[in-house]
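Here is the structure we will look at, set down as C-alpha cells.
The values are calculated or read from the model by the stated rules, or taken from the named source; none is laboratory data. All of these numbers come straight from a predicted model, not from anything done at the bench. Here the Cβ positions follow ideal geometry from the backbone for every residue, glycine too, while neighbour counts run over all protein chains shown. These area figures cover heavy atoms from the full protein model, side chains too; ligands, DNA and RNA do not enter into them. Shrake-Rupley method; radii C 1.70, N 1.55, O 1.52, S 1.80 Å.
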Amino acid sequence: MKEYRPPKKIGQKAPLNCLVLPGQHLAAWKATQRYNMSFGEYVGALIDRAEGRPNKLDGMQQGTLPIAESWDAKNAPRHKRDTLPFSENKSQSD
C-alpha cells in the first residue's frame, strides 16, 4: 500500500474523482434529490457513516414531528390584524 499524500485542496475541500456504475449513479442522484444534498455532500455523508462518524444522512432519518403535534395552531396567539377583513387589515398610512 502506498503512503497517503493529501491532495491539493479547493477552498476547504479536497476533490474526489471516481467512476461508478450507471445504476449506482442513478441511486446516488435519487438520494441527493431526496435528501436535498449535492453529490459531494452525499458521498461525504456515506464515508462518514462507514467510518462510524455522525453524518447528515443519519440525522435526517430521525423524522420530524407533524406541525399539529409540535405547535398547537388552534391555541396559538394571534394578532388582532390577522382576523380582520382585508379592507380593514390595512393600516391608515397605506
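Structure values in brief
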read-out: Qualifying position, being modelled with pLDDT under 90, touching an Asp or Glu at 6+ places or on another chain (Cβ under 9 Å) and open to solvent by 90 Å² or more (accessible area, probe 1.4 Å), among Arg49, Arg81; value: Arg81
read-out: Qualifying residues in region 30-46 (those that are touching a Lys or Arg at 6+ places or on another chain (Cβ under 9 Å) and either part of a helix (DSSP H, G or I) or open to solvent by 70 Å² or more (accessible area, probe 1.4 Å) (or both)) - the one farthest from Leu19 (Cα to Cα); value: Tyr35
read-out: Residue satisfying all of: in region 1-27; within 24 Å of the chain's Cα centre (by Cα) and in a helix (DSSP H, G or I); farthest from Gly44 (Cα to Cα) among these; value: Gly23
